[in-house]
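Below: one structure, written as C-alpha cells.
The values are calculated or read from the model by the stated rules, or taken from the named source; none is laboratory data. Remember, it's a predicted structure, so these values are computed and weren't measured experimentally. Cβ coordinates were reconstructed from backbone atoms using ideal geometry, including for glycine residues, and neighbour counts include every protein chain displayed.
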Amino acid sequence: MKNIYIIGNGISGVTAARHLRKKSEHQITLISEESEYFFSRTALMYSYMGHMQWKDLMPYPIEFWKKNRIDLLKTRVLSIDFKNQNLMTREGQNLNYDILILATGSTPNLSNWPRQNLTGVGCLYHQWDLQKLEEYSKNIQQAVITGGGLIGIEMAEMLHSRQIQTTMLVREKEYWSNVLPLEEAQMISAHIRRHGIDLKLQTQLKEIKGSDKVTAVVTDQNDEISCQWLGLTIGVRPNIDVFKNTELEIDRGILVDAMLKTNIPNVFAIGDCAQQRQAKPGRKDIEAVWYTGRIMGKTVASVICGERTEYDPGIWFNSAKFFDIEYQVYGEISSSIQENVESIFWRHPTVEKSIRINFDRTTKKVLGFNLMGIRFRQEVCERWINQKNDIQQVLQNIRLAFFDPEFFEDCSNDFIQLANQKTGMNIHLNAGWELNNVLNFLKN
Amino acid sequence: MLKLNTVQKISSHPTSKLLSFSAISIGLIGLLILIFAGFGWISSNPVLLFFSLAMMSAGVILYSVFLYKYVPAGIKNNHNMSSSISSKGILAWLTAMVLTAFYILLYWYPEYLGLHANGNFGLIGFFDPLSRFLKNQDASQWFVYGVLYTLAILIYGIKFIWKYRHSKYQIIRTISVMFFQFAFAFLLPELMLRLNLPFNDFKNMWPLNYYFFDECHIKELLQAGNIGWLMLVWGILMVVLISPVLTYLYGKRWYCSWVCGCGGLAETAGDSFRHLSDKSLGAWKIERYLVYSILVIVVLMTVGVLYSYFTGQEKFLFIQTSALRSWYGFLIGAAFSGVIGVGFYPLMGSRVWCRFGCPMAAVLGIQQKFFSRFRITTNGGQCISCGNCSTYCEMGIDVRAYAQRGQDIVRASCVGCGICSAVCPRGCFKIGEWECGYF
Ligand SMILES: Cc1cc2nc3c(=O)[nH]c(=O)nc-3n(C[C@H](O)[C@H](O)[C@H](O)COP(=O)(O)OP(=O)(O)OC[C@H]3O[C@@H](n4cnc5c(N)ncnc54)[C@H](O)[C@@H]3O)c2cc1C
Ligand code: SF4
C-alpha cells in the first residue's frame, strides 16, 4: 500500500482518485486550496445565473468520499521537496508521499495592463472569482468583457442574465473566428448581438480607467466605454508557479511523457497543467478541456497500478453553448480554408442551425464534423473518423449520427441535397435513425 | 395560483416590465373575484364567473407571453434559485399553505366551500351556473375542483409551450396532456352526466383509479346497460392490454407525461417547481419502499373488495375490506395524492405523489424497467458534469451519474418528460426505443 497525494481536486485529480480506488488499496489524499469537495467548474455560470444551487454543482454526494476512502484536505501546497518526497502546506504541515500526482489545473491569463488590480476587474476560473463577481455585480449597470473565447461568452451570458448592459471586445474578425470557420463564427456573432450584447469585433482593450474602482475602459479604436465591471477572459495557462525553480521540468506546462510521468520518478502530472512532450499528430501539447483531464485521470490510475497503458485522447471532440446555440465538434475542423480539405456546409434557411462535414479532397476520407444547434452522436462520428470512412459512406448513413430529441426537424434531406449539389455525387439516404441501427453500427 | 416571479425574471425588454405587471394584475383581479365569491361577498353570477376565469387565464397567458416572447427561444431557468416562488421563499410557503388549506376543505369540509343540499353558496355556489349549463345539475366540490384543475393545466400548459418553444418534443407532449385533461377528464365525463350516463374518465386507469372495482362503481356501471358494460370492459382492457402494450412500445411516458392528469398538472403548473425534487440516495430508498408498498396495498384492497363483492363476505384474509378501502381513500387517495401531492408543490417539487405514492406509476415502472423498448442513451464523453440534468429531473433521478459515465438510463421512475435532454447544455440525452428482443 502506497501513500498517494493528488494536488488539485478538479476533474482530472478526482478521476485519478476514483480509478485508483477502484483498482487498488492505496492510501489516497486529494488536496485543494479552492474547495473541500469537487465541484463542476464548467457549471460556475449556472450557479451565478440561478439555474442551480452550489450543492447541485457537486457531482458526488458528500458521503461518497468517505465511502470510497478518499481523504480530502483543504489547503494550499506551498512547496515540494522532490528529493525527500515531501509536501509543505500553507499551515506548515509536512506530508510525505510515495506517489504524487500534480493536477493543479489552469490559472487565468493576465497581460499586465496598468490598473488591472482595480476593484471591479476580474476573471472567471476559480470559485473565488465567482464570489468576487457575485459580490461586485450586485448593483452595477454596465460591464465590459475583453476576450472572445468560451469563458468570455459565458461571462457575457451571466452578466446579461442580471440585466447588466454588456460589451464584448473581441480581437478577431468574428467571435471565436480563430477556432470556428467563418460562417459559424458569423452566426454566433449575430446570435450574441440578438441577445443585446454589444459585440465589438476587431477591437482590443487599450486602457483601464478608474482610481480605486474601474469606471471605464478605452479600446484601441479610442472608444471610451464606461463600466463598473471589467472581465478579463483572454485565455488560461497552466497553474504551475509553485513548481518554478525546482527540479521539475516545465515549459509552459509540466512536461510529461505518454504515461503522464514527469522527469521525477513517482511524480505524475495530468489535466490542464500537463504538457505532452510529444503531442499526438494533429493535437496540441496542452489541451485545457474537461474531457482530456478526465481521460488523463483514468490513464494515470492505470499506469500507477502497473498497467502498460498510454494516454490516448482519442478523436478530438468538444462542445459548448453560445447563449442558446449548442455547439459540437468531432475531429479536425480548422478555422482557415485548407488546400486539400473540402467542406460541405449547410445552414438552415431560417433557424440558427448548421452542419459542416470536412473531408480530404484526394482520399475522400472524412475528417471532421462541426455542428451548431444540432446534436450528433459522439460514438458514431468518432467511429467514422477512426475507421477512415469515405465521405460518400458517411453521408449515406448520416442519420445514424443525429442525436436531437424526437420530433425535431429532420434536416437530413436538405443537407444531402446540398451535399449532392456541391460535390456532384448522387447520394441516397439510408433510412433509419432507430436506436437499433445505431447500436448495430457501433457493435460491428 | 398565479405565479409572481417578481421583476427579477422579467426580461430586459423596455416595455415588458410594465406589461408583465399588468398581466399579473389582471390575473390577480380574476383570483380576487373568486376569493370574494368564496367568502360569500359576491353572489352567484354567470358573468362574474366568466370574468374571473377569463381574467385568471389571461393573466397567466399574457404574463408568459411577455416573459418569453421578447427573448430568443432557449432554456429559461434564470433566477430559479433566487426567486421567492421557485426557491422556497415566502411566496412559495404562502402558496403551499393556501393550496393545502384548499385541499383540506375540498376533501373533508366541502361545506365551508359552500356545498349545501338545499342550494349551494360561496365558492361552489359561484360555479352553479357553469355546472347547470354543462350538465343541468348544481355544482359539487368536485366540479369546482375539476374546472380549476383543468384550467390550470390549460393555461400553464400554454406558458410551458412558450417557455420550451424551441423543443418540439415538449410542445407536442404538452398539447397532449392539455387535450387529455380537457377532453377526457373534464368535458366527456360532464357531458355523460348530462346524458344520465355514469361518470367515466376513459383515460383513468386502475390502480391510480382505485375506486374502479368498488362495489358501488361496478354496480353503477352494470346498471347503465350496454354503455356501462363497455366502460367496464374498457377499464379492464386498459389495465391488461392497452397499457402493457403501450408501455412496451414507448415506456411509461405514454401515460405519465403524455396522458395522465396528475402528470399533466405536474408538467404544467408544477414546472416551476421541478428542481425541488429530492435527489439524495435516501430519498430513492424511501421511494422504492413506499411506492411498492402502496402498490401491494392497493392490490390487496382491490382483491378484497372484489372478494366481498362476489362472496358477500366482509372479511378477506382477516381484513375488513370496507375499512381498508376507506382508509386507503383517506390516506392515499386524498391526503397523499391531493394534499401532499399538489399542496406541497412549492416545497417538495411537482412529482412527489407520482414518485413516492402512485401505484400506477409503480406498475408502469416495473414494466418499463423489464419489459419495454424505452431507453435514454447518453452521448459518449460529452458530459461536463454540470448538473443541470439532475437538478431539473422532477423524479429526483441523478441523471448526471449516468451521463458522466456515458451509460444508458433505464430507471423505473423515469416518466420520459425529456427535460434532461432539453436543459443539457452539451446535448447528452436522447430518449428513444430499441428492440430489446422480448417479442
Ligand atoms: C468557466 C469555465 C467554463 C469551462 N467550460 C468548459 C467546457 O464547457 N468544456 C470543457 O471541456 N472545458 C471547460 N472548461 C475547462 C475545464 O473546466 C478545465 O479544463 C478543467 O476544469 C481542468 O481540470 P483540472 O482537473 O486539470 O484542473 P482544475 O479544475 O483547475 O483543478 C485544479 C485544482 O487544483 C487547485 N490547486 C492548484 N494549485 C494548488 C496548490 N498549490 N495547492 C492546493 N491546490 C492547488 C486549484 O485551486 C484547483 O481547485 C471551463 C473552464 C472554466 C473556468
Ligand atoms: S446536463 Fe448534460 S453536461 Fe450537465 S451533467 Fe447533465 S448530462 Fe452532463
Among the residues of region A:256-289, write down those that are charged (D, E, K, R) and either under 22 Å from A:Ile80 (Cβ atoms) or in a strand (DSSP E or B) (or both). A:Asp257, A:Lys261, A:Asp272, A:Arg277
One residue from A:Ser12, A:Ser47, A:Ser40 being more than 16 Å from ligand 2 (Cβ to nearest atom), touching a helix residue (DSSP H, G or I) at 6+ places or on another chain (Cβ under 8 Å) and hydroxyl-bearing (Ser, Thr, Tyr): A:Ser12
Filter region A:358-379 down to the residues that are in contact (Cβ under 8 Å) with a residue 60 or more places away in the chain and not in a loop (DSSP other than H, G, I, E, B) and list them by number. A:Asn370, A:Met372, A:Gln378, A:Glu379
Identify the residue in region A:293-334 that is among the hydroxyl-bearing types (Ser, Thr, Tyr) and surrounded by fewer than 17 Cβ atoms within 10 Å (Cβ to Cβ) and, among all such residues, is nearest to the other protein chains (Cβ to nearest Cβ). A:Thr309
Since B:Asn379 meets every condition but one in (1) within 16 Å of ligand 1 (Cβ to nearest atom); (2) closer than 23 Å to B:Tyr211 by Cα, which condition does it not meet? (2)
Could you tell me which numbered condition B:Trp434 fails, if it satisfies all but one of (1) within 16 Å of ligand 1 (Cβ to nearest atom); (2) at the interface with another protein chain (Cβ under 8 Å from one of its Cβ atoms); (3) surrounded by fewer than 20 Cβ atoms within 10 Å (Cβ to Cβ)? (1)
Only one residue in A:Gln417, A:Gln392 is free of Cβ contacts under 8 Å to residues at least 12 places away in the same chain and in a helix (DSSP H, G or I), so which one is that? A:Gln417
Pick from region A:420-444 the residues that are within 14 Å of chain B (Cβ to nearest Cβ) and assigned to a loop (DSSP other than H, G, I, E, B): which of them is surrounded by the most Cβ atoms within 10 Å (Cβ to Cβ)? A:Trp433
So A:Ile315 clears everything in (1) within 11 Å of ligand 1 (Cβ to nearest atom); (2) touching a helix residue (DSSP H, G or I) at 6+ places or on another chain (Cβ under 7 Å) except one condition, right? Which one? (1)
Return yes when A:Tyr37 is touching a Leu at 6+ places or on another chain (Cβ under 8 Å), closer than 27 Å to A:Arg162 by Cβ and not assigned by TED's automatic domain parsing to the domain that holds A:Lys213 and no when it is not. yes
Taking interchain pairs and intrachain pairs at least six residues apart, which have beta carbon atoms under 6 angstrom, with the first residue in region B:293-321 and in contact (Cβ under 8 Å) with a residue 24 or more places away in the chain and the second among the basic types (Lys, Arg) and in a helix (DSSP H, G or I)? B:Met301/B:Arg325; B:Val305/B:Arg325
Based on what the data block shows, is A:Glu224 within 30 Å of A:Asp198 (Cβ to Cβ) and not small (Gly, Ala, Ser)? yes
Condition set within 12 Å of chain A (Cβ to nearest Cβ) and more than 16 Å from ligand 2 (Cβ to nearest atom), scope region B:351-383, selection nearest to B:Ile431 (Cα to Cα): answer is B:Phe374
Based on this model, can you work out whether B:Ile161 counts as assigned to a helix (DSSP H, G or I) and within 14 Å of another protein chain (Cβ to nearest Cβ)? yes
From the list A:Leu87, A:Leu102, A:Leu124, A:Leu150, pick out the single residue that is under 27 Å from A:Arg194 (Cβ atoms), away from chain B (no Cβ under 14 Å), within 11 Å of ligand 1 (Cβ to nearest atom) and not small (Gly, Ala, Ser). A:Leu124
May I ask you to list the residues in region B:300-319 that are surrounded by fewer than 16 Cβ atoms within 10 Å (Cβ to Cβ) and out of contact with any Gly (no Cβ under 9 Å at 6 or more places or on another chain)? B:Val303, B:Phe310, B:Thr311, B:Gly312, B:Gln313, B:Glu314, B:Phe318
Scan region A:56-68 residue by residue and report those that are within 9 Å of chain B (Cβ to nearest Cβ) and not acidic (Asp, Glu). A:Leu57, A:Met58, A:Pro59, A:Tyr60, A:Pro61
Given B:Ala422, B:Ala361, B:Ala412, which one is over 18 Å from the mean Cα position of the chain (by Cα), small (Gly, Ala, Ser) and part of a helix (DSSP H, G or I)? B:Ala422
Exactly one of (1) crowded, with 19+ Cβ neighbours inside 10 Å; (2) farther than 18 Å from A:Glu154 by Cβ; (3) among the basic types (Lys, Arg) is unmet by A:Arg41. Its number? (2)
Would you mention how many residues in region A:242-299 are over 21 Å from the mean Cα position of the chain (by Cα), without any contact (Cβ under 8 Å) to a residue 40 or more places away in the chain and within 11 Å of ligand 1 (Cβ to nearest atom)? 0
Selection within region B:384-428 - facing chain A (nearest Cβ under 8 Å), away from ligand 1 (no atom under 16 Å from the Cβ) and touching a Gly at 6+ places or on another chain (Cβ under 9 Å): B:Ser390, B:Ser421
